[in-house]
Structures are given as structure tokens and as C-alpha cells.
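Peer 1: One structure, as C-alpha cells, below. Some questions next.
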Amino acid sequence: MTEHNPTEAIQSYYGQTLQSSADLKTSACCTLTAMPKHLRMLLVDVHPEVSERFYGCGSPLPPALTGCTVLDLGCGSGRDCYVLSRLVGEQGRVIGVDMTAGQLAVATAHLDWHQQRYGYAQGNVEFRLGHIEDLAALGIADNSIDVVVSNCVINLSAYKPKVLAEIFRVLKPGGELYFSDVYADRRIPDALKHDPVLLGECLAGAWYWEDFRRILHSLACPDVRIVSATPITLDDDEVAAKIGMVNFRSVTVRAFKLPLEDRCEDFGQIAVYHGAIPNHIHAFALDDHHWFETGKPLRVCGNTADMLALSRYSPYFTLIGNKTTHFGLFDCSPPNLSGLPSNTVAACC
């Protein structure tokens, strides 16, 4: 597979062509409607210019972030970073990385405004100009990040395997990758990968799910979970004429830096959610087929048990059982949704 470097076209599209989210030609950037209510409420305290110049495709902000160090890849104008500033609290830290100087100029211009708005004695957000496939050049150390998020940006990189390798380098053991991006039901034809509009609209570089899964598997991450998925509409006739044969979805996924197995294995384990995660009092969804109701025991596979027990979610769960007795494969299949990228063949769930 040959990939081309779209950097200049992308920087031009996001730095000059797009002046607001109203200029987008597809529904890939559907962040406001996708964002849960408790997060939408935080947008009131984000500077209007930051929100207007933000282009994303989902709501990749997981819960239980108090005190965490969060890295936002492709942060753009910084909207998610400023929402994360509230979620991690004054003792937490948020690092935003983007390669477009114009977008970061908007983000950095309002650092003091948000610090005062949030009543913080010290700011907890910083922005760094650079490429997400080379976080080492930006001084981000091994095993230093609790959570990595990204909102419709990794697809823009011509070096996707490098991006994912860097993510798992900087994540702490048990750390989480939680991001939204655009996925296609096939590999994008090479002839369309240079198109500046298709690139900027996050279509030309959209992931083919199986390629994404294979990259993660090569990085010792065999179990990636789909949290949610939404179809993307091609609202512009010219865009649809070029690439309308491809089905696109905005998909939010999570993966952990943990030594997991490549299939769901049954050890007779049970998980009970305590209901203590803020804004998730009655239930917590690990993914699209693991819904933990507060106080209700749920049988889980070995990988799911490890995700809960060996990550920052551990304080919110009671895990019953261990891995001393193996009962074979665990029936851990997600719902069969037509057109949704599926990882049921070679990945655990």
C-alpha cells in the first residue's frame, strides 16, 4: 500500500480554506450532536472563536479523567483541550498537538481567557506545534500519558503506523487510547488520495477497518473496542460524484496499553460496576456490547476483566475471579450492524 504525504494540502484546507465549521462539505464533523449532554454543557465556557474554528467527527472524551495527563492529537483550535481542562481538573494536565500554525494561533490566543474562566490559579493546558507521528521531537516521553484522544485527525496522516506506534510509546501501562475517526468499508483508490477537498473532509485518508486492526495487532494491541458508530453523509454533489461508491462512518474506539489476548477467553470472571464515575451513575458502557448497570454482576472475558482491573477504571469496579481456570472461548460478540467495521474475526471484541 503506497501512502502520499498530504501535509501541505491539509494545512491549506484547515488554515485557509475553512473559516468555520459551516464551510464543511460532509457530515464527518458532527461533534455538537454527537457530544453527550454533560459535555455539551461545558462548551458554554469555551471561547466562541475556538468552537467556530474546530473541526471534528465525534466525541472522543472518555470519563474518569480527574488528575490525568491527557494528550490530544490534532487538537486544532483547542476546543477539546479546553473541555478536557475542566474534566482533568486543576491538578491534571492537557497537551494539544497540531501541525497547523493557524489553528494553534487560535488555541493559544485564548489560554489566559480559559484559565480565568475556570478559576484556575495556574493553567493546565499547553499547545505544541508539530507532527503527531513524531511526538518524541515534541519532548513527549515514554510512558508519560494517561489518556490519548484524537478527534478526526489520525486519518489525515500519511504515516498512520508511526502515529499509532508513538501513541503506544507515550502511553503509560494501562493507559487508554480513545478517539474518533473516519472509517471506510474499503481502501480508498490511489487516484483520490491527492484530492485536497477529499483530504480536508477526512475522506481520502479514511481508515479501512481491517488495515487499522492489523496495525494495532502489530503493536501488541490485539483487542480494540468500538464504542459508537455513526454514518457519514456526503452532502456535496461534487464530493459524492468523486467518492460516493465508498461507505463512511465516524467511529469512536478505545484501546488499552495492556498485554491482552487476541480472542475472548473465558475464565469465569464477573465484573460489578459501583456507579461512582461522574455522569455515569446508573451505568457505564465500555463499548457497544459491554453495558455495566450499577450493582448488576456481568460475566466478562479475560480481556474485559483486565481492561477494567488494570486501568484507571479499577476503583469503579469489583472483579470476581481470576485466570486460574480456563473454560475455553468466551461468547463476546458485538451486535451485527450492517456496514459497521467489525473486529470480531481476529480481535477479541
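Peer 1: Of Ala184, Cys264, His131, which is farthest along the charge dipole of the chain in the positive direction, counting Lys and Arg as +1 and Asp and Glu as -1 at C-beta?
Peer 2: The residue sitting most towards the positive pole is Cys264.
Peer 1: A further question follows. Show me, bin by bin at 10 Å from 0, the whole-percent P(r) of the range 203-341 based on Cα pairs.
Peer 2: 10, 35, 31, 16, 7, 1
Peer 1: Another question, then. Say we join alpha carbon atoms closer than 10 Å with springs in a Gaussian network model of the chain; which of Asn247, Asn155, Asn322 then has the biggest fluctuation?
Peer 2: Fluctuation is largest for Asn322.
Peer 1: If you take every DSSP beta bridge whose two residues both sit in the chain, what share of them, in percent to the nearest 5, is antiparallel?
Peer 2: 55
Peer 1: Where the centroid of each part is defined by its Cα atoms, how far is the range 54-89 from the range 194-216 in Å?
Peer 2: When both Cα centres are located, 22 Å separates them.
Peer 1: Compare the peptides 158-166, 37-45 by average per-residue count of other Cβ atoms within 10 angstrom and give them in order, highest first.
Peer 2: 158-166, 37-45
Peer 1: Would you mind computing Rg(Cα) / (2.2 N^0.38 Å) for the range 249-320, counting N as its residues?
Peer 2: 1.08
Peer 1: Let me ask something else about it. Along the principal axes of its C-alpha atoms, what lengths does the range 38-103 span, in descending order and rounded to whole Å?
Peer 2: Each principal axis gives a Cα extent; for the range 38-103 these are 30, 24, 20 Å.
Peer 1: Take the alpha carbon atoms of the range 124-183, find their center, do the same for the range 232-254, and report the distance between the two centers in whole angstrom.
Peer 2: About 25 Å separates the Cα centre of the range 124-183 from the one of the range 232-254.
Peer 1: Average projected area of the Cα convex hull of the chain, in nm²?
Peer 2: 16.6
Peer 1: Here's a follow-up. Taking the alpha-carbon distance from Lys160 and a cut-off under 27 Å, which lysines remain once sequence neighbours fewer than 8 residues away in the same chain are dropped?
Peer 2: List returned: Lys25, Lys172, Lys193, Lys242, Lys257.
Peer 1: Tell me, what is the percent relative contact order of the chain, built from C-alpha pairs under 8 Å that lie six or more residues apart?
Peer 2: Normalised by residue count, the contact order of the chain is 16 percent.
Peer 1: How much solvent-accessible surface does His274 expose, in Å² to the nearest 10, with a 1.4 Å probe and all protein chains in place?
Peer 2: Solvent-accessible area, nearest 10 Å²: 90 Å².
Peer 1: Considering only Cys75, Cys221, Cys152, give the residue with the highest GNM mean-square fluctuation for the chain, with springs between Cα atoms whenever their separation is below 10 Å.
Peer 2: Highest fluctuation among the options: Cys221.
Peer 1: Search the structure for amide H atoms under 5 Å from the amide H of Val148, placed 1.01 Å from N in the peptide plane, and list their residues when 5 or more places away or on another chain.
Peer 2: Here Leu71, Glu176, Leu177, Tyr178 satisfy the definition.
Peer 1: Can I ask one more? Is the shape of the range 91-151 rounded, prolate or oblate, going by the alpha carbon gyration tensor and its root eigenvalues a ≥ b ≥ c, with a/c under 1.5 for rounded and a/b larger than b/c for prolate?
Peer 2: Verdict is oblate for the range 91-151.
Peer 1: Consider all pairwise Cα distances in the range 131-189 and report the whole-number % of them above 15 Å.
Peer 2: So the pairs more than 15 Å apart make up 51 percent of the total in the range 131-189.
Peer 1: Additional query: Mind checking Rg over Rh on the range 83-199, alpha carbons, Kirkwood formula for Rh?
Peer 2: Ratio of gyration radius to Kirkwood radius for the range 83-199: 1.00.
Peer 1: Run through the DSSP bridge list for the range 94-192 and note the antiparallel percent, rounded to the nearest 5.
Peer 2: That works out to approximately 0 percent antiparallel.
The values are calculated or read from the model by the stated rules, or taken from the named source; none is laboratory data. The model shown is predicted, which means the values in this text are computed figures rather than measured ones. Positions of Cβ are backbone-derived with ideal geometry, glycine not excepted, and every protein chain shown enters the neighbour counts. Each accessible area value is taken on the protein alone, full model and side chains, heavy atoms only, with ligands, DNA and RNA left out. Shrake-Rupley method; radii C 1.70, N 1.55, O 1.52, S 1.80 Å.
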